[in-house]
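This report refers to the structure that appears directly beneath it.
The values are calculated or read from the model by the stated rules, or taken from the named source; none is laboratory data. This one's a predicted model, so the numbers in the text were calculated from it and none came from an experiment. Here Cβ is always computed from backbone atoms with ideal geometry, including for glycine, and neighbour counts include all displayed protein chains. Side chains included, ligands, DNA and RNA excluded: accessible areas come from the protein's heavy atoms. Shrake-Rupley method; radii C 1.70, N 1.55, O 1.52, S 1.80 Å.
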Amino acid sequence: MKLASLRNGRPDGHLVIVSRDLTRFASAGRIASNLQDALDEWSRCAPILQAVSDQLNNGEIAGMPFDPREALAPLPRAYQWIDGSGFMVHLDRVRSLQGSKDAELQDERPLLYQGGSDGFLAPTDPILVPSDDLAVDFEAEVVVVTAPVRMRATREDAEKAIRLIGICNDVSLRRLVAGDLQEGFGFFHSKPATSFAPIFVTPDELGDAWRNNRLHMRVRAHVNDSLYGQPNAGKDVRFDFADLIVEATRTRALGNGTIIGSGTVANAHEDILPLKRDGIGFGCIAEARIVEKIKIGKARTPFLKSGDRVHIEAVDAEGRSVFGAIDQKVALLG
């Protein structure tokens, strides 16, 4: 099933079930008022939500037109947001960035950072920045939402805990990364609010596209209508979501509704922008600039500026959007 949260004047929104083709929705208000409530009573709510989803997809109920502009992030706020480093291709490319250190980029276990989760951006919210000189970058990622997970979880525990899947734009302010890392406490100012596509999906809904604890789909990113990347999130994965969850529980338990990110989706290749129609490209601008420096001696792809538009979605084998799109413009605060 596919779940979303619509605006209703309250911070957590109104939980709805969305049709498989993303055109219609049915209210879930009588089942759970919001997605966190549904997660907290998942054993009761999930079968009822699934039954309504089946009715909606089978045409047994009409539903109402689904407008993604009315959607919040599926979980507009969460108890915990942990981003990981599942793709070593991405880490290898950013090793040369100022402020990154080999000792901090480990190959044997995934890196994690804890992001702000008190408020996520809706898929069409602007990316607000205080100034236009912060090297604003998008980062296209896959995310999972977990059930409660015990400390020192096994891989089997981790696999069973994955309840929902989606995608996000983990925005980075590259000019502030070095300061954050060199001060020793990790990412803070360089990581503003994260945005999410409008829909979270249960693993069973994805069929064979969800296997081996990873999403086997292209995550496609455009900037101002130009294709920047479409790497496959199921390829070149060093640490899958079970690995990330196990690592996150090394010293703590995870609360119900914890969101875990894959890190920037990245595939190995040597192409540069502009991208051919069948090219792989990049899940962030920083990678594109690094490959440009290697191939042509200088970075030529600019970071995002006020007015630039970012469009991110995951597509299935037929090119259909699965989670809906993140579609944002960069805007200056005030």
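Enter the accessible area per residue of the chain (Å², integer; probe 1.4 Å; all protein chains in place).
Computed with neighbouring chains in place, this is 44 Å² per residue.
Starting from the residue with the highest accessible area, list Arg309, Arg30 in decreasing order, probe 1.4 Å.
Arg30, Arg309
For Ala317 and Asn224 in one chain, what is 0.36 nm times their gap in residues minus the Cα-Cα distance, to one decimal in nm?
Values: separation 93, 0.36 × 93 = 33.48 nm, distance 2.42 nm.
Length gained between Ala317 and Asn224: 31.1 nm.
Which FRET efficiency value, to the nearest 0.05, do you get for Lys276 and Gln114 by plugging their Cβ-Cβ distance into 1/(1 + (r/R0)^6) with R0 = 41 Å?
Working: r = 38 Å, r/R0 = 0.93.
Efficiency for this residue pair is about 0.60.
P(r) tail for the chain, what percent of Cα pairs lie past 39 Å?
9 percent
Any chance you could look up the accessible area of Asp157 with a 1.4 Å probe, heavy atoms only, rounded to 10 Å²?
That residue has around 50 Å² of solvent-accessible surface.
Please go through the residue pairs Lys276/Lys305; Lys235/Lys293; Lys2/Lys305 and name each one whose alpha carbons sit more than 27 Å apart in this structure. Could you put the intermediate results ahead of the total?
Values: Lys276/Lys305 24 Å; Lys235/Lys293 25 Å; Lys2/Lys305 33 Å.
From Lys276/Lys305; Lys235/Lys293; Lys2/Lys305, over 27 Å: Lys2/Lys305.
Quick one: which residues, 5 or more positions from Ile167 or on another chain, have an amide H under 5 Å from its amide H? H modelled 1.01 Å from N in the peptide plane, none for Pro or chain starts.
Val143, Ala197
Can you pull the percent of the chain's accessible area that's carbon plus sulfur, 1.4 Å probe, other chains left in place? It would help to have the intermediate numbers written out before the result.
Numbers: 7190 of 14690 Å².
That fraction is 49 percent.
In what sequence, largest accessible area first, do Phe187, Phe120 appear using a 1.4 Å probe? Intermediate results must be reported in sequence, preceding the final value.
Values: Phe187 70, Phe120 20 Å².
Solvent-accessible surface, decreasing: Phe187, Phe120.
Can you give the local net charge around Asp132? Use residues other than it whose beta-carbon is closer than 14 angstrom to its beta-carbon, Lys and Arg +1, Asp and Glu -1.
On the way: positive: Arg174, Arg175, Lys305, Lys329; negative: Asp133, Asp137, Asp308.
Neighbour charge sum, excluding Asp132 itself: +1.
Show me the three semi-axes of the equivalent ellipsoid for the stretch 185-334, from the C-alpha gyration tensor (sqrt of 5 times each eigenvalue), largest first, rounded to whole Å. Don't jump to the answer; show the numbers that get you there.
Details: eigenvalues 136, 80, 62 Å².
The three semi-axes for the stretch 185-334 are 26, 20, 18 Å.
Please report the accessible area of Glu41 (heavy atoms, 1.4 Å probe, ligands and nucleic acids excluded) in Å², nearest 10.
Solvent-accessible area, nearest 10 Å²: 90 Å².
Taking amide H positions as placed 1.01 Å from N in the peptide plane, with prolines and chain starts having none, which residues 5 or more places from Leu72, or on another chain, fall under 5 Å of its amide H?
Ser5, Leu6, Arg7
Rank these residues by their accessible area, most exposed first, probe 1.4 Å: Arg214, Arg10, Arg150.
Working: Arg214 55, Arg10 165, Arg150 125 Å².
Sorted by accessible area, descending: Arg10, Arg150, Arg214.
Take every Cα pair under 8 Å in the chain that's 6+ residues apart, average their separations, divide by the length, and report that relative contact order as a whole percent. Each step should come with its number before you reach the end.
On the way: 824 pairs, mean separation 72.9, N = 334.
Computed over the chain, the figure is 22 percent.
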